[in-house]
Structure formats: C-alpha cells, structure tokens
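Participant: Below you'll find the structure I mean.
Just so you know, all these numbers are worked out from the coordinates, no wet-lab data involved. Keep in mind the model is a prediction, meaning the values are calculated, not measured. Because the Cβ atoms are built from the backbone with ideal geometry, glycine has one as well, and the counts that use them run over all protein chains shown.
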Amino acid sequence: MPSVPPQMALARLMTGYAVAQLIYVAAKLGLADLLKDGPQSIDELARLTETDKNSLYRVMRGLVAAGVFQENDATGFELSAVGQCLCTGVPGSMSAMALCSDESYFVWGHLLHTVKTGETAFNHLYDMDRYQYLREHPEAAAKFHAAMSGLSAQIAEAVVKLYDLSTFDKVIDVGGGSGTLLLTLLRAHPSLRGVLFDQPAVVEEATEQFAKEPIAALAKRCEVVAGDFLTSVPAGGDAYLLSHVLHNWDDENCRSILRNCRAAMGEQSKLLLIEIVLPGRLNQSPMTYPIVMTDLQMLVMTGGRERTEPEFRALLQDAGFELQRVIQTRGLDSLIECVPV
Ligand SMILES: C[S@@+](CC[C@H](N)C(=O)[O-])C[C@H]1O[C@@H](n2cnc3c(N)ncnc32)[C@H](O)[C@@H]1O
C-alpha cells in the first residue's frame, strides 16, 4: 500500500472535528436505522429525514469516506460494519453515545484553556461542573444516562462472565445511574439483592423505569436510594460497586468517595471498581487510542482522569483498602477487586 505523505496524514487528523460532526448528524437523523434493512437511495433518505437532498448527499459521502457507510452504485448507500454500531436497539449500539457528543464538541474547543490554566474546560464554558449542569438540564441528563446505559450493557455481560458474584447477598451500586449494570447482575444471580444509589433526579427516573414491564419483577430485588456519595453511601452491602465513577473525579474527591464506601462497609465486604487501567507505558495497541482519548475527555469534561494500577493502589490505600486483583475485560475496562484493611 502506498504510504500517505505526512502532510496528508496530518490533514486527516486535523479534520477530526468534521468526522465528529458527521457522526453526530448521522445519529441525530437516525441514518443508520434507515439503512438497517438494506440500501437506500439519496432521494429516499432525504425524504425520510426531511433534509436538503444536496447537503445530505455530501454528508453521506463524508460518512463513506470516514468508513461509516458504503456507497453502492446501483442502489445508493448502505451500512458498513462500523455504521451498524450507530443503529439503535442492537447489542453494542453506540447511537446514544454519539447523540451525547454535542456538549463535548463545544467543550473540546476550550482544551487550550485547560492546558494553560488547569481549569476543567467544561466548568470554564458553562460556569458549573458537569453534574450540576446535568441536574439543571434534564434533556442533557437523559441523553447522558442513555449513553452510559449503553456502555453498561456491554460491561455487564463481561462482569457476569469474569467475576463470581454468587457469594454475595447484597450489592450496592454507588453512582449506578439508570441501573442497567445492576439489573444485569441481579438477572444473572437470582438470590442477589441490590441497592441502586445515585443522585435524587437520577434515582427518581430509575424508579419510574423499574415500575415498568419487563423489568418490574427483577427490580423488586433492587432498592433505590438517593444521596450524595461525597457525603455518605448506604450501609449493609457485602459488595460495593463503583462503575465508571472514580475516573470522573480528581484524587481528593476519589478519596472522599472511597472513604465513604469504607465507612459503610463491613470487614468482610468487597469493593469492586470498573475502570480503565492505564498502561504504565503507552504502546501501539489498538486499545491505546480510545484509552488516551477517554482520559482527555475526563480532563476537559469533568476534571477526572484515567489511572495506572499503581495510582489506583495508592488511592485505595489512602482510603483503607488493598487492591487484590485486576481482571481485564476484552474491552477497555478492567474489574478491580479490593478489600478493606
Ligand atoms: C459516569 S456515570 C456512571 C454510571 C454507571 N455507574 C455506569 O457505569 O454506567 C457516573 C454516575 O455518578 C453519579 N453521580 C455523580 N455525582 C454523584 C454524587 N455526588 N452522588 C451520587 N451519585 C453521583 C451520576 O449521576 C452518574 O450516574
């Protein structure tokens, strides 16, 4: 294959903002779902999305160039394997995540401010932190929790396969969001009970969802508790789960969350973290790119960070825990098992 001149390689990277917007527009218009059952002509796509045909055609070509769709001479456009992940309601769907990218897009425009000052770009732009913003913007919160729920559905299957929860009686999911992860664990372990712990508006929404079929019967084994994990967490669990929580926070806040878990836990309880574990040294593995980008996303959006295993060990030790083992999933995340000391 001919090598790409460095200027062209750089130019491609420099248009990353355009690709992000093309994917956002595709998700917003539901283009992948329209191609789910087979190729569609540009006339039909424009009619179904009520968009300007000429502009949409150029957007579709951009998405072909980015590898999301394919152009089919005879019939129009069709899905590639990458594009299938933008369909809604399919296993591994990333549609909700793509829809959630609109605020990130603006926030990334202030990366230079973060680099110069250390201030989180999100806080600089919106004059409040990410979670206060979500409390004040229910629509953005709904999009965020839908995106997290999609991610949780993937990680939940891995946790069930890789970790034996059958010895536990009650798992407290601290910052459990919409409860997707917890419900999957309860489904896999019929004698397990759960507590979904999150902020008031989040658990209110989860309570409404839990009352509906088909999850109502399963949700009977799940208590829902509202609170602030920076202040305290519910007592009485023998497993405490923190999934994608610590990477949202700086070290000081992480210590508070972990100490609050430690104070609520019995001596025989376990703490389970689901987080990315940063490699000590970056390599060329295909996982490196999304891991580094997630770390940067935390830098600009929440002021949090991804951490190496020694960094996790140190944080845990400060809060009265010992890291026992790290179980790597096939995706980006690891399950980190910790015990009180
Ligand atoms: C990145 S999401 C992770 C959600 C879920 N654990 C998962 O893995 O999909 C972080 C969660 O922490 C919750 N959260 C943020 N601040 C909180 C606080 N002070 N007290 C309790 N929960 C909080 C958010 O509402 C959100 O559900």
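Participant: How high is the relative contact order of the chain, given as a whole-number percent (alpha carbon pairs under 8 Å, six or more residues apart)? Mind dumping the intermediate values first?
Facilitator: Numbers: 533 pairs, mean separation 42.4, N = 341.
Answer for the chain is 12 percent.
Participant: So what's the back-of-envelope 222 nm ellipticity for the chain, counting only DSSP H runs of four-plus at -39500 (n - 2.57) apiece and dividing by all residues, rounded to 500?
Facilitator: Values: 18 runs with 172 residues, N = 341.
Rounded to the nearest 500, it is -14500 deg cm²/dmol.
Participant: Could you pull out the GluC sites (Glu not before Pro) across the range 170-271 that fall in loop regions by DSSP (anything but H, G, I, E, B) with no more than 16 other Cβ atoms inside 10 Å?
Facilitator: Working: sites: Glu204, Glu205, Glu208, Glu223, Glu252, Glu267; in loops: Glu267.
Of the GluC sites (Glu not before Pro), the ones in loops of the range 170-271 whose Cβ has at most 16 other Cβ atoms within 10 Å are Glu267.
Participant: Kindly count the pairs of lysines across the chain whose alpha carbons are less than 15 Å apart, treating pairs on different chains or eight or more residues apart as eligible.
Facilitator: 4
Participant: May I ask you to derive the relative contact order of the range 87-239, considering only C-alpha pairs under 8 Å and at least 6 residues apart, and to give it as an integer percent? Walk me through the numbers before you get to the answer.
Facilitator: Details: 192 pairs, mean separation 29.7, N = 153.
Computed over the range 87-239, the figure is 19 percent.
Participant: For the range 47-122, state which GluC sites (Glu not before Pro) are in a DSSP loop and have at most 16 other beta carbons lying within 10 Å of their beta carbon.
Facilitator: Numbers: sites: Glu50, Glu71, Glu78, Glu103, Glu119; in loops: Glu50, Glu119.
Sites meeting the loop and neighbour criteria: Glu50, Glu119.
Participant: Measure nothing but the geometry: give the 0 to 90° angle between the long axis through the Cα atoms of 288-301 and the longest principal axis through the Cα atoms of the chain, rounded to 10°.
Facilitator: 80 degrees
Participant: What is the angle, in °, between the Cα long axis of helix 309-318 and the longest principal axis of the Cα atoms in the chain? Nearest 10 is fine, range 0 to 90.
Facilitator: Result, in degrees: 40.
Participant: Of Asp102, Asp228, Asp37, which has the largest mean-square fluctuation in a 10 Å C-alpha GNM of the chain?
Facilitator: Per the Cα network of the chain with a 10 Å cutoff, Asp37 tops the list.
Participant: Sort the range 183-223 into rounded, prolate or oblate with this rule: let a ≥ b ≥ c be the square roots of the eigenvalues of the Cα gyration tensor; rounded if a/c is under 1.5, and if a/c is not under 1.5, prolate when a/b is larger than b/c, oblate otherwise. It would help to have the intermediate numbers written out before the result.
Facilitator: Working: a/c = 2.68, a/b = 1.45, b/c = 1.84.
Judged from the Cα gyration tensor, the range 183-223 comes out oblate (a/c at least 1.5, b/c at or above a/b).
Participant: If you put +1 on each Lys and Arg Cβ and -1 on each Asp and Glu Cβ, how big is the dipole of the range 101-340 around its Cα centre, in Debye rounded to 20?
Facilitator: Details: 21 positive and 32 negative charges, 121 e Å.
Magnitude of the dipole: close to 580 debye.
Participant: Against the longest principal axis of the chain, how steep is helix 16-29, in degrees 0 to 90 to the nearest 10, with axes from Cα atoms?
Facilitator: In the chain, helix 16-29 runs at an angle near 90 degrees to the longest axis.
Participant: Additional query: Tell me the label-point distance for the pair Met287, Ala142, using the 7 Å Cα-to-Cβ offset, in nm and rounded to one decimal.
Facilitator: Result: 3.6 nm between the two label points.
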